[in-house]
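First comes the structure, then the notes that go with it.
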Amino acid sequence: MGPEGKTLLNIIILGFGFMFMFTAFQTCGNIEQTVIKSFNSTEFHGSGYTSMAIIYGVFSASNLIAPSVVAVIGPQLSMFFSGLVYSGYIAMFIHPYTWSFYTASVVVGIAAAILWTAQGNLLTINSTDATIGRNSGIFWALLQFSLFFGNMYIYFAWHGHVHISDKDRQTVFISLTVISLVGSFLFFLIQKPEPEATPSEASESLLQTESTESASIVALDAFSESDMFKCVTIGSMCVTLAPSPPSGLELTFYSGVYGTCIGAMTQFGDDAKSLIGLSGIFIGLGEILGGGVFGMLNKCNRFGRNPVVLLGLITHFVAFYLIFLNIASDAPIAPEEGTHLQAYITPSVEVALLCSFLLGLGDSCFNTQLLSIVGFMFREDSAPAFAVFKFVQSITAALAFFYSNYLLLHWQLLIMVVVGFLGTLSFFVAEWVVVSSRRDTDYDSI
């Protein structure tokens, strides 16, 4: 197999590993607030929203050390050990305790920072200027298959269930734990790229298993000379910071809040709980379609990234408006028995699922282009750059999960509309910075 075929295979294996891991973790995040509401133990007093806020808050802070960890042990081992932590978090729901729930939330936040920094580095060192857009799309599409498979399982497992019993919960989370472990072990199949396929010596050094330097020197170098905040110059700030908050808010909404809202709508009948899974399937279909069309197939090269991001903004605005009309305002904070309030139209399952699809499509439009532009601008120091990107994204996600405990639905939608609009404008500026700074490169091949 030639160097180009090997790097493409690495991207596919990376995507499958994340697909298995996040089949488990994203399904867990989608249902955990509903599961917690149905939990029978009087000794457990946790909140799914609070747990996710802790995860993303710690995730944000841990991006300070993530590049150093990846530099010392390499991206493969970084992703493997992080995957084990993810599996532990999911397994905790088999017999949950309040202390273990929140402790696991803190640990998985640290693991998440290391996992995504290593992922960004592997994506970059296995790509060139000509393939970074394609590879971002392939990875994104495979990752989002996780929404499809995991939520399909939930739909059939919980079909017709008004209450989630302890047996239902344990069966689901044992299965998800095993699936997550499979994804972790897949990372060992990733091969080191050939030297000519590696864009830079700086990125390649993260894959070295042997070094003449001590681990402490490598870690210090990764933290200081390649410090994540060195990426935040005047131009690169627009790329890595300003467009990131909308993706964090949208991640919170589609991965945890919207499914809870659908499950709380008593007007949807006895199948409302299983509709959480069906909603996740439609989100996944939108993510896969967007990742395939705008990333893997690279249909928009002639016009750059801006049209794709603009399409994502419009798609989200349509979805938010329909959700505002269709879902009761107190749905995010409704008790286990659900809400009996009605929004502005007769609640419709079809409209709710259409919105799920639009949320996934819009999110994929934005994120594939963010991955592409960050990987393109910072290929010589990719780990810190992706750490900055995830740092800002996870801060906004943590804030969104925190206020989801208190804010009614229409206020949450309004925040996403405002931040989404400002984030899109910031992305346009970032794209202009890329074009201006790379006049001498083959930009049209991105």
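Here are the numbers:
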read-out	value
Distance between modelled label sites at TYR403 and ALA130, nm, 7 Å Cα→Cβ extension	4.6 nm
Virtual spin-label span in nm between ALA61 and TYR97, 7 Å along Cα→Cβ	2.3 nm
Mean-position separation - Cα centroids, region 264-290 and region 12-72, in angstrom	20 Å
All Cα pairs of region 1-192, percent lying beyond 22 Å	48 percent
Within region 261-276: backbone nitrogen closer than 19 Å to the THR346 label point (7 Å, Cα to C-beta)	265-272
Pairs beyond 20 Å (Cα-Cα), from LYS192/LYS390; LYS273/LYS390; LYS167/LYS273	LYS192/LYS390; LYS273/LYS390
5 angstrom amide H check on ILE190, placed H, neighbours 5+ away	none
Amide H within-cut-off set for SER348, under 5 Å, with H built and near neighbours excluded	none
Relative contact order %, region 1-192, counting alpha carbon pairs below 8 Å whose residues are six or more apart	46 percent
ILE314/ASP168 FRET efficiency (R0 35 Å; Cβ-Cβ; nearest 0.05)	0.35
Computed FRET value (nearest 0.05) for HIS45 with PHE156, which takes r as the C-beta separation and R₀ as 41 Å	0.85
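Values quoted throughout were computed directly from the atomic coordinates according to the rules given, and no laboratory measurement underlies them. A quick note: this is a predicted structure, and the numbers were derived from the prediction, not measured. Ideal geometry is used to build each Cβ from the backbone, glycine not excepted, and the neighbour counts take in all protein chains shown.
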